[in-house]
């Protein structure tokens, strides 16, 4: 697993509608987040596996905020974390404005990736599968100067449909659209996030 410190993040841009293709090597999702959930015995989405206890959302919130040291110091907030619905935000004033006074592009990337991982964790069972970020196509629609907000949800039907081919093959793509808004509700960036879903490694399960 690549460390967060070696990830190459998209460059900041003041130009609207700038498109950036994030290299696949740079898109390693925070597997330590998923590892912590497995070790702690968390489980989620009981409607997918009847009789399985629900995920401890307070535990998941703590993991989202603390699994990666830089995220823990970024000011990232978990505003909503419930079954199949997450809302994360980043206060930008102190740490996230670039050399021209707009939100750094890497902050958009971080918020999108963590929100996608959080949604997966709030939807599926980490004892079966974990996601890695296979690739992201990010569009920066307009410069952002206020706090960033990412609100993601998925219906039970859509969640089941997205997981079905993964269950059939034992692995596969899980693609979601991730919008990011500013404090006024304007969409400032968006991405198509392709998470590749793989079976949870046995070594993780043996450490429970």
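Derivation of every value follows stated rules applied to the coordinates shown; laboratory data play no part. Everything quoted here is computed from the prediction, not taken from an experiment. All Cβ positions, glycine included, derive from the backbone under ideal geometry; neighbour counts span all protein chains shown.
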### Summary
Yeah, segment 90-176 with a ≥ b ≥ c from its alpha-carbon gyration tensor (a/c under 1.5 is rounded, else prolate when a/b outruns b/c, oblate otherwise) is prolate
### By average C-beta atoms within 10 angstrom, highest first, the peptides 159-169, 112-122
112-122, 159-169
### Task
Please work out how much length the chain gains when fully extended from residue 77 to residue 158, using 0.36 nm per residue of separation minus the C-alpha to C-alpha distance, in nm with one decimal.
26.5 nm
### Task
State, as an integer percentage, the relative contact order of segment 51-208 based on alpha-carbon contacts under 8 Å between residues 6 or more apart.
24 percent
## Note on the structure
Long-range alpha-carbon pairs in segment 150-201, meaning those over 14 Å apart, account in percent for 61 percent
### Task
Could you let me know the centre-to-centre spacing of segment 110-158 and segment 75-100, using Cα atoms, in angstrom?
12 Å
### Query
Label point 7 Å out from residue 137 along Cα-to-Cβ: which residues of segment 178-192 have amide N under 11 Å?
191-192
### Summary
A student applying the Cα gyration tensor rule (rounded when a/c is under 1.5; otherwise prolate if a/b is larger than b/c, oblate if not) would label segment 44-198 prolate
### Query
So, in nm, how far is label residue 146 from label residue 202 when the simple model puts each one 7 Å beyond its Cα toward the Cβ?
5.3 nm
